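Read-outs throughout are calculated quantities, based only on the coordinates presented, and are distinct from any laboratory measurement. What you are looking at is a predicted structure, and each value in this text was computed from that prediction instead of being measured. Here Cβ is always computed from backbone atoms with ideal geometry, including for glycine, and neighbour counts include all displayed protein chains.
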Amino acid sequence: MNDVSFLMGPEEGSKQAWVEEKEQGLRKAHPDLERVTLFAFETEPGQLEEALLSPSLFASYTLVVLKHYEELRKDSPVNKTIINFINAPDAPASLVVLSSETAYSLPAAITKALPKDRVQTFWELFENKKQDWIRSFFRREGWDISADAIRLILDMVDNNTLEMKQTCSQLLTFFIVSRKADKQIDSEDISSYLTHTKSEDGFSLFAQVARADLRRSLSSLRRILTTDPRAQMSILTILLRQFRMLESFITLRQALGEEEAFKEASALSSGAVEAKGIRTIRDKDTFRAAASHYSLEEVRGIILLLEESETEVKTASAEEAWGVLSLLLRTVISSHGRKCGLSLECQFFDDPLSYSAGY
């Protein structure tokens, strides 16, 4: 049996550390080791088979890391390739598969083919352990951090040590560059960091749309287009993704309750799962707010409106993007997705807010 490991669960930091240790061990035995990283949502069976079974021209051994396995369907032909590799004669390759799901989500054929010790689940830390992790990170660097500041950081991340490490490293760099002398971090320091580093995108725009705040939505839109005048399609794509997630959340909340809905909500595109789960406290607050402002029927109407607007948004010039998208936001927020007549459109374009700041 070939060397195959499945690393399951939400704790990305521990999984990454496991892969790095695995790579270091293999590199000791094979100094010319080649590492190949593939993503399940874009990997063809032949591509995976070639990486695992075709001898490399430049290395005697290959470590193949397949990420985002949770985005594969159980009947995907990629799974058949994995099973064939498990049962193939010894090959100069190791396969590590990463998934945010638990072992229970694995296809039965893979569970049967693999010994139990080849499947490991890495769970999120308990809340007090997360706080201890952040506190220890800063203490190792000679900094103290308050409990309120730690809670703000946990609001910013997806509650796994990989995200926590990246965010804490960015914070530390910010405080060092800003020459903070006392090495004491409190909630005001975190707020200052957010103010200085805040960037607008489709996700921050959706947070304002979720609260039906037209003025702030237009302000967010203006900042995005000022930074990138050709960002209109990315804005539309993210809004569509978030409203599809909202549709899923509202539907599941009615059937399963809020906490299960947060775990299981997903955004779908052409039958393939793009994203699953609403994890951070901030995102949960955003989707709660959206569900209070928009009914399920209205959300479905908004999704249809956004889909129908794709061609118009895509073909709009940089100069036209503001008018097209701002009218779209007005229709979503003020009319909950119901298309308005020409009189409302004219009234909107007469609104000074619509064309302030150069638009």
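Out of the DSSP beta bridges found with both residues in the chain, what percent are antiparallel (nearest 5)?
DSSP beta bridges in the chain are roughly 15 percent antiparallel.
Going by C-beta contacts inside 10 Å, put S204, S136 in order with the fewest on the left.
With the sparsest Cβ surroundings first, the list reads S136, S204.
Would you work out the relative contact order for the chain, in percent, from Cα pairs under 8 angstrom that are 6 or more residues apart?
Taking the mean separation of contacting Cα pairs over the length of the chain, I get 15 percent.
Find the Cα radius of gyration of the range 64-173, compare it with 2.2 N^0.38 Å by division, and give the number to two decimals.
1.44
Return P(r) of the chain (all Cα-Cα pairs; 10 Å bins starting at 0; whole %; ordered from short to long distances).
5, 19, 24, 25, 19, 7, 1, 0
Restricting everything to alpha-carbon atoms, can you work out Rg to Rh for the range 3-121 with a Kirkwood hydrodynamic radius?
0.93
Using 0.36 nm per residue, how much length does the chain from T102 to D132 gain when fully extended, once their Cα-Cα distance is taken away?
8.3 nm
Pairing the Cα long axis of helix 161-177 with the longest principal axis of the chain, what angle in degrees results, from 0 to 90 and rounded to the nearest 10?
Approximately 60 degrees, to the nearest 10.
What does the charge dipole of the range 127-197 about its Cα centre add up to, to the nearest 20 debye, if the Cβ of each Lys and Arg holds +1 and the Cβ of each Asp and Glu holds -1?
300
For the chain, with only Lys/Arg (+1) and Asp/Glu (-1) charged at the beta-carbon, what is the dipole magnitude about the Cα centre, in debye rounded to 20?
Charge dipole, the chain, about its Cα centre: 460 debye, nearest 20.
Sorted from largest down, what three extents in whole angstroms do the Cα atoms of the range 127-197 have along their principal axes?
The Cα atoms of the range 127-197 stretch 30, 23, 19 Å along the principal axes, largest first.
Viscosity 1.002 mPa s, temperature 20 °C: Stokes-Einstein D of the range 178-324 from its Kirkwood Cα radius, in µm² per second?
Value of D from the Cα-based Kirkwood radius: 127 µm²/s.
Round to the nearest 10 and give me the degree value, 0 to 90, for the angle of helix 187-197's Cα axis relative to the longest principal axis of the chain.
80
May I ask you to list the lysines whose Cα is less than 17 Å away from that of K284, ignoring any residue fewer than eight positions away on the same chain?
Candidates past the 8-residue exclusion: K263, K276.
Measuring from the lowest to the highest alpha carbon on each principal axis, how far does the range 104-244 reach, largest first, in angstroms?
56, 45, 25
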